[in-house]
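Peer 1: Here it is, the structure in full.
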Amino acid sequence: MSDIDALKDEVKKLNARATQKKMDLHDLSEELPQNWQSILQVAQETYDAYKTLTEKRAALKALETASA
């Protein structure tokens with residue numbers, strides 16, 4: 001498997017994880033004020049997931065550009 005293919009696979013998995021974290025945050029917001037104590041944790045996990053996804057997408061784009 002090439003580096004590009006491996007990175008594409010990783011981006012796909014990270015995208016699924018980020019989407020799940022987004023839904024967790026959404027669900028939490030709908031349940032408020034219940035579980036308000038977990039807002040910071042869920043928000044941080046969502047932030048981290050999207051930050052990692054954005055970084056990997058940029059790396060993939062750079063790799064694809066370099067190999068073109």
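The values are calculated or read from the model by the stated rules, or taken from the named source; none is laboratory data. Everything numeric in this text was worked out from a predicted model, so none of it was measured. Neighbour counts are summed over all protein chains in view; Cβ atoms, including those assigned to glycine, are modelled from backbone coordinates with ideal geometry.
Peer 1: Determine, yes or no, whether SER67 is touching a residue at least 40 places away in the same chain (Cβ under 8 Å), touching a helix residue (DSSP H, G or I) at 6+ places or on another chain (Cβ under 8 Å) and not hydrophobic (A, V, I, L, M, F, W, C). Spell out how you get there, then give the answer.
Peer 2: Working: touching a residue at least 40 places away in the same chain (Cβ under 8 Å): yes; touching a helix residue (DSSP H, G or I) at 6+ places or on another chain (Cβ under 8 Å): yes; not hydrophobic (A, V, I, L, M, F, W, C): yes.
So SER67 passes the test.
Peer 1: Name the residue, out of LEU40, LEU28, that is modelled with pLDDT of 95 or more, over 14 Å from the mean Cα position of the chain (by Cα) and loosely packed, with under 11 Cβ neighbours inside 10 Å. So that I can check it myself, show each step before the final result.
Peer 2: Details: LEU28 fails: loosely packed, with under 11 Cβ neighbours inside 10 Å.
Among LEU40, LEU28, only LEU40 is modelled with pLDDT of 95 or more, over 14 Å from the mean Cα position of the chain (by Cα) and loosely packed, with under 11 Cβ neighbours inside 10 Å.
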